[in-house]
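One structure is given below, encoded as structure tokens.
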Amino acid sequence: MDQLRVGLYVVLDVSWFEHPFAFSHFKIKTEEQIRTIRSLGLKTVRYNPSLSDISPPLQGAPQQAPSAAVAEAKPDLAPALQAKRALMERIKAQREAAARIESAFINSAKAIRDIEKNLLSRPAETVQQATQLVTQIAESILCAPELAIHVMGDKMGGEELYFHSLNVTMLSMMVARDIRLPQAVVGVLGMGALFHDIGRREIPNRILLKTEPLTQAERHLYEMHCQYGVEIGQRLHLVPPVLAIIREHHELFDGTGYPKKLKGESIGLLSRIVAIANYYDELCNPVDIIDAMTPHEALSVMFAKLRNKFDPKLLQIFIRCLGVYPPGTIVQLSNGVIAMVATVNTAAPMKPMIVIYDANIPKDDAILVDLVREPDLNIARAIRPAQVPGEIYNYLSPRKRVSYYFDAGKPGQESVAT
């Protein structure tokens, strides 16, 4: 204990619940941390020479006696464990917030299911229902001081068919918030995003669900869904700006999209936003799950290989809001720990909330760490799920399908929005 120094990377051989630190191994940064470690009642700690800035002083070197050091530090034990209890309370609150948000997500997906089911039999009523849903989402996103993006769990209640529309709506509104579109315009964007694929109901399932490449004739028929969508939208009396999104959501900035091969700013601003959200979600959630990219890969491909296809400013905003490591990404931290990104705070996208892999802690009690609170810890790299050992992958359980929901937070609920 008397050899502890700032700069040593130490490993604490006690249960995570018995010390106040976010991790059981870390580099000592302050004298305060040394006092806290000494207060834990350990006789020795291990250290990692390769991760340390210094070597510990030799045993015989003149220094403070260990017994005095431990004695001096004893009063600190209570606040140290109090800090850990506070951390555990925060994690509990974060779990409760996640459950609440997941429930809101499923309810939104169910609302979209009802809207799509009753669209043609009760058009006026369902358009009104859609408008209410979009207004509710828009108000919660636009009025929040901070915005947290959550990746959804696996228990989704069988509403998977409606996730794409919801994802595209959520992601489009995220961009709208960032560029400060007026609320009335956000409402139009939300309706266009929600109904962007409405024309697909006219396309046979054998084409929609086909996993092999489409033939030219099948591709042509599939591309008709934009036109069919506009025709359905006209029957529903949707306003022209919403119809424009339905028509143009597959148009690309370089003129290679469809149906009209529009280029650059001849594509409407709202359509350019939806085109980015739609393309991204299709990369993450393709028909054949084997082709699915991780969120990190999808953003990387869009930026590195496909950036000419999208409005450059909007693409930049989209990537900045989601963070380089969007929710659902498996990462390695600068201290070597493997984790999964659970929540991104759009105000600090490089410092997300992460779920930590720790074999000594049951999966249901997995540690959640808010990197905003850990200034010395960063994400070192993203890892493809295929490169992660099975037991770690199953512990972190990144979803096969990636869905997002925004939590606007509530005053006083710091744990939700941070």
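The values are calculated or read from the model by the stated rules, or taken from the named source; none is laboratory data. As the structure is a prediction and not an experimental result, all values here were calculated from the model. Cβ coordinates were reconstructed from backbone atoms using ideal geometry, including for glycine residues, and neighbour counts include every protein chain displayed. Note: accessible area is taken over every heavy atom of the protein model, side chains too, but ligands, DNA and RNA are not part of it. Shrake-Rupley method; radii C 1.70, N 1.55, O 1.52, S 1.80 Å.
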**Message:** Counting heavy atoms of the protein chains only and a 1.4 Å probe, report the per residue accessible area for segment 184-283 as a whole number of Å².
**Reply:** 45
**Message:** Give me the percent of accessible area attributable to carbon and sulfur for the chain, probe 1.4 angstrom.
**Reply:** 54
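Can you tell me the FRET efficiency between Asn205 and Arg373 if r is taken as the Cβ-Cβ distance and R0 is 51 Å, rounded to the nearest 0.05? Numbers along the way, then the final one.
Details: r = 48 Å, r/R0 = 0.94.
Working from the Cβ atoms, E equals 0.60.
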**Using alpha-carbon coordinates, inclination of helix 163-178 to the longest axis of the chain, degrees** = 70
**Message:** Can you pull out the trypsin sites (Lys or Arg not before Pro) in segment 20-60 whose DSSP state is coil and whose Cβ has at most 12 other Cβ atoms within 10 Å?
**Reply:** Lys29, Lys43
**Asked** How far is it, in nm, from the label point at Glu212 to the one at Asp288 when both lie 7 Å from their Cα along the line to the Cβ?
**Response** 1.0
**Request:** Determine which aspartates and glutamates satisfy two conditions relative to Lys351: a Cα distance under 17 Å, and not lying fewer than 8 residues away in the same chain.
**Result:** Glu146, Asp370, Glu374, Asp376, Asp407, Glu414
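Rounded to the nearest angstrom and ordered from largest down, what semi-axes does the equivalent ellipsoid of segment 159-221 get from its C-alpha gyration tensor (root of 5λ)? If you can, show how the numbers build up before the last one.
On the way: eigenvalues 179, 28, 23 Å².
Values for segment 159-221, descending: 30, 12, 11 Å.
List the relative contact order of the chain as a percent without decimals, with contacts defined as Cα pairs under 8 Å and 6+ residues apart. Spell out each step's value before the answer.
Details: 648 pairs, mean separation 65.3, N = 418.
Taking the mean separation of contacting Cα pairs over the length of the chain, I get 16 percent.
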**Request:** Quick one: of Lys29/Lys84; Lys84/Lys363; Lys110/Lys363; Lys260/Lys313, which pairs are farther than 25 Å apart, Cα to Cα?
**Result:** Lys110/Lys363
**Message:** Pick from Asp114, Asp364, Asp311 the residue whose mean-square fluctuation is largest in a GNM of the chain, springs joining Cα atoms under 10 Å.
**Reply:** Asp364
**Label selected from (1) 1.07; (2) 0.96; (3) 0.98, the criterion being Rg/Rh (Cα atoms, Kirkwood Rh) as computed here** = (1)
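Sum -39500 (n - 2.57) across every DSSP H segment of at least 4 residues in the chain, then divide by the residue count to get the 222 nm mean residue ellipticity, nearest 500.
Value at 222 nm, helices only, nearest 500: -14000 deg cm²/dmol.
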